[in-house]
1. Could you pull out every one of the lysines with an alpha carbon less than 23 Å from that of LYS227, ignoring same-chain neighbours closer than 8 positions?
2. How big is the chain along each principal axis, measuring the range of its Cα positions in Å and listing the largest first?
3. Once the Cα gyration tensor of the stretch 96-142 is diagonalised, what are the square roots of 5 times its eigenvalues, in whole Å and ordered largest first, as equivalent ellipsoid semi-axes?
4. Please compute the Cα-Cα pair-distance distribution of the stretch 164-206 with 10 Å bins starting at 0, giving whole percents from short to long.
5. Let me check against my output: what whole-number percent is the relative contact order of the stretch 2-466, with C-alpha pairs under 8 Å and at least 6 apart?
6. Assuming 0.36 nm per residue, please report the length gained on full extension of the stretch SER445 to ASP16 beyond their Cα-Cα distance.
7. How many percent of DSSP beta bridges within the chain run antiparallel, rounded to 5?
8. Going through the stretch 348-419, which trypsin sites (Lys or Arg not before Pro) have at most 13 other Cβ atoms within 10 Å and a DSSP loop state?
Amino acid sequence: MNVSVGGRRMREQAGDGWLEPVHPEPHTDQQSQLAIIWSARRDMLASWRAADYAAGITDFSLLGRRMVIVNTPDGVRQVLGAGGDLYERKSPQMRRALEFLLGDGLFISDGETWSRRRPLVAEIVGKARVPGFAPLMAQAAQDMVEDWAVRDLSGPVDVLTEMGVLTAEIISRTLFGVQLGRADAQAVIEGFAAYQRRIDAFNVGYLLGFDDGLPVFKTLALRRAVKRIHAVVEKVVEAHLAGQGDHTIMLDMLELRRRRRPDAPVGRDALRDEAATLFMAGHETTAATLAWAWHCLSKAPWAEAALHAEIDLVCGGRPPAYGDVPKLAYARAVVEETLRLYPPVAILARQAARRDRIGDVEVDPAAVVLISPWLLHRSPDLWDHPDRFMPERFMGEERPDAYAYIPFAAGPRTCPGMNFGLTEATLCLATLAQKFRLRPAPGWSVETECRLTLRPRGGLPMMIEPR
Ligand code: HEM
């Protein structure tokens, strides 16, 4: 089925036992520079041409700015995988788009600030912490099961918001020991949706020659969105710093760090910026992943049946727990395949610190280097049936090339919350799918939209049915 929504053509096709879930149709015609900028400002994925999906290193100029698109595993290894500081710096567009919200938090910092704080954040959310966090994740998912069980589910429910409420609650309980509650979670979600809608992630000033980009125009609506998010994050962080939560992981880490590195202390203000970054980076991405997973499952009955069979076999009637995660291989494969098709961070943009060469292309420090997990994960040169939803790709012993599959990026700036996010998404999916099945809402056309993250445009209304 091909549908045209808001002037953009979306493609979705299905047959017996296969599904190609919704994605924008690549352009085949030549577009003017203005048309590219216009459509990319609305949606970063809307202007790709069919040729951009091919594996390769290409460059072109947009207004006066050189863009280098790196779409090969070797190129990705060179840019992201290499140690050192050559491609450590995020592009000015990304920094400008997020600085109003995240201050100098880890996601957009570089140099001394980044290298001092990265080990601290990695200790707070890293792999070693996941077993301790998992019971809190499972409990939050179970609370949502109980909430849905008593809700009026006769009409469509926005599943993107529901998943945001769940993952924000998980971040709040795990990292800050504080119960968030639906009202505050919803304020953050609505605030971030408004922020994404209004922020200029493209920064035409940068394209026109301002090497650091131009400060974003802080409209009243943008300020309001930031204020709503900050109010909730500050409330949670203050409660934690005042020792009011169930545990004091962040404060403990700060103390540990102070003892280990008395020469390089991390102050409370820095911790507050990092807390805001963790709050946002740690819930939005997993929420989008879960929402897309429900969308795919609702259109792929054979995959949904395999998921249900696995949950019933592994857990019987009891709620899924952390110990089940290694046995929930299909649930995990659904998550990984969803991350391939809908990587929440669909564009990784970097600025070279010095002159370099990638393949045959010269890279100078004023250029922007673009790696798009979206393009890489859908390249016909790297994947069989790249646009199809096939969780079985992730079931065997064989893993995709580490630099062809990069939903969490790669190298020194790889997502420190990777294990957290994968465990969380698997547990949440299994817990909710044990009791409910989600169906497409009648009359709603799902569309992709990528601004800061890749989400279903306008939310994801679905019917929730008890199993
Ligand atoms: C499915 C879930 C997730 C996905 C797909 C994801 C993806 C990513 C990606 C691609 C980056 C690198 C961005 C870039 O280089 O431009 C990143 C960075 C980051 N992520 Fe995640 N993430 C997820 C979950 C989480 C969670 C659960 C947390 C924390 C609890 C987290 C915290 C962070 C932080 C702090 C950074 C910045 C790291 C740095 O710059 O050194 N993420 N994430």
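Values quoted throughout were computed directly from the atomic coordinates according to the rules given, and no laboratory measurement underlies them. These numbers come from a predicted model, not from an experiment. Quick reminder, even Gly has a Cβ in these numbers, built from the backbone with ideal geometry, and neighbours come from all protein chains shown.
1. Result set, ordered by chain and number: LYS218, LYS235.
2. Sorted from largest, the Cα extents of the chain read 61, 59, 47 Å.
3. On the way: eigenvalues 154, 49, 5 Å².
After diagonalising the Cα gyration tensor, the semi-axes are 28, 16, 5 Å.
4. Percent of Cα pairs in each bin: 28, 37, 21, 12, 1.
5. Values: 757 pairs, mean separation 128.9, N = 465.
Reported relative contact order: 28 percent.
6. Values: separation 429, 0.36 × 429 = 154.44 nm, distance 2.13 nm.
So the extension gain works out to 152.3 nm.
7. Values: 34 of 38 bridges.
The antiparallel proportion sits near 90 percent.
8. Numbers: sites: ARG350, ARG354, ARG355, ARG357, ARG378, ARG388, ARG393, ARG413; in loops: ARG354, ARG355, ARG378, ARG388.
Here the trypsin sites (Lys or Arg not before Pro) that fit, given the DSSP loop and packing criteria, are ARG354, ARG355.
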